[in-house]
Amino acid sequence: MGGGIKVHGVPISTATMRVLATLYEKGLDFELVPVDMKAGAHKQEPLISLNPFGQIPALLDGDLTLFESRAITDYIADEYNNKGEKLLCQSCKKLKAITKVWLQVEGQQFDPIASKLAFERVFKGMLGMTTDPAAVEDLEAKLVKVLDIYEARLSKSPFLAGDCFTLADLHHLPIIYYLMGTDSKKLFESRPKVSEWIKKITARPSWVKVLNLQKQ
């Protein structure tokens with residue numbers, strides 16, 4: 001496949017950040033094609049042809065077009081297995097299976113609560129909307145239960161799937177980054193193993209590069 005890798009998205013979008021971090025972990029060259037969300041560019045051509053749901057990001061790798069950030073990161077980790085960080089640990093089926101479990105946990109248990117909390121705490125403010133304190137309280141109470149399970153898991157291994165950093169850890173980065181800038185950070189900081197894990201994953205050079213893109 002020729003044509004190089006292109007990512008259509010914006011670096012403040014959590015889903016775009018997930019893809020960018022994966023590309024940086026793999027040390028791949030790519031072009032970030034900005035999408036003017038305020039002008040509704042995500043609902044128009046050319047993006048609507050790349051993602052029929054009119055959402056970001058979309059990835060082009062030669063003649064392959066993908067959307068849905070978690071599917072994109074899975075493709076990058078698989079297709080470019082021999083470059084950069086392994087992320088999926090293809091050589092060990094057990095480790096790969098455990099990674100897939102925690103990828104599901106992120107998508108099914110953590111994200112539905114954490115992303116709503118980030119919407120209340122962060123994105124509503126960006127959109128000129130008012131945070132609903134009752135919703136925040138309810139979501140925090142739900143997130144605590146999930147984080148207690150993470151604390152137990154991370155007391156057994158430094159990363160979610162085991163001894164090495166994988167996609168399962170990486171997928172958490174964008175939402176955790178936004179929540180750590182709010183009062184909800186206490187939920188993470190009050191759990192020593194979760195707190196330790198967050199320090200490790202947010203210090204990764206790939207993640208620092210994603211955050212630097214936001215400043216440009």
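The values are calculated or read from the model by the stated rules, or taken from the named source; none is laboratory data. The shown structure was predicted, so the numbers you read here are calculated from the model rather than taken from an experiment. Cβ atoms come from the backbone with ideal geometry, glycine included; neighbour counts cover every protein chain shown. Heavy atoms of the whole protein, side chains included, go into the accessibility calculation; ligands, DNA and RNA do not. Shrake-Rupley method; radii C 1.70, N 1.55, O 1.52, S 1.80 Å.
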**Item:** Solvent-accessible area per residue, Å², over segment 93-208 with all protein chains present [probe radius 1.4 Å]
**Value:** 49 Å²
**Message:** Quick check on the chain: take the gyration tensor over C-alpha atoms, sort the square-rooted eigenvalues as a ≥ b ≥ c, and tell me if it's rounded (a/c under 1.5), prolate or oblate.
**Reply:** oblate
**Fill in**
The lysines whose Cα lies under 16 Å from the Cα of LYS26, excluding any fewer than 8 residues away in the same chain, are LYS6, LYS83, LYS86, LYS209
**Fill in**
The summed charge of the PRO133 Cβ neighbourhood (under 13 Å; Lys/Arg +1, Asp/Glu -1) stands at -4
**Item:** Three-way shape label, segment 93-208, alpha-carbon gyration tensor, a/c 1.5
**Value:** prolate
**Request:** Using +1 at the Cβ of each Lys and Arg and -1 at the Cβ of each Asp and Glu in segment 93-208, identify which of LEU103, VAL194, ALA141 lies farthest towards the dipole's positive end.
**Result:** LEU103
**Asked** What number, in percent, do you get for the relative contact order of segment 5-84 if the mean sequence gap of Cα pairs under 8 Å and at least 6 apart is divided by its residue count?
**Response** 37 percent
**Fill in**
Dividing the mean separation of Cα pairs under 8 Å (6+ apart) by the residue count of the chain yields a relative contact order in percent of 23 percent
**Complete:** Links exceeding 22 Å between C-alpha atoms in this model, out of LYS96/LYS116; LYS43/LYS142; LYS142/LYS186; LYS156/LYS199, come to LYS96/LYS116; LYS43/LYS142
**Request:** Per DSSP H run of n ≥ 4, the term is -39500 (n - 2.57); total these for the chain, divide by its residue number, and report the mean residue ellipticity at 222 nm rounded to 500 deg cm²/dmol.
**Result:** -15000 deg cm²/dmol
**Request:** Heavy atoms only, probe 1.4 Å: what % of the accessible area of the chain goes to carbon and sulfur, would you let me know?
**Result:** 55 percent
**Asked** Taking the chain as a Gaussian network, where each spring joins two C-alpha atoms under 10 Å apart, which residue of GLN109, GLN44, GLN55 fluctuates the most?
**Response** GLN44
**Request:** For the chain, return all DSSP H helices satisfying: extent of Cα atoms along own axis at least 27 Å; mean Kyte-Doolittle hydropathy at least -1.0.
**Result:** 133-154
**Highest-first arrangement of 17-23, 202-208, where packing means the average Cβ count within 10 Å** = 17-23, 202-208
**Prompt:** Rounded to the nearest 5, what is the percent of antiparallel bridges among the DSSP beta bridges in the chain?
**Reply:** 55 percent
**Request:** Could you provide, to the nearest whole Å², the per residue accessible area of segment 5-84 with probe 1.4 Å?
**Result:** 46 Å²
**Request:** Specify the residue with the greatest mean-square fluctuation among LYS86, LYS116, LYS145, computed from a Gaussian network of the chain linking alpha-carbon atoms under 10 Å apart.
**Result:** LYS145
**Asked** What is the magnitude of the charge dipole of the chain about its Cα centre, with +1 placed on the Cβ of each Lys and Arg, -1 on the Cβ of each Asp and Glu, and no other charges, expressed in debye to the nearest 20?
**Response** 540 debye
**Asked** Full extension from GLU196 to LYS142: what is 0.36 nm times the residue separation minus their Cα-Cα distance, to one decimal in nm?
**Response** 17.3 nm
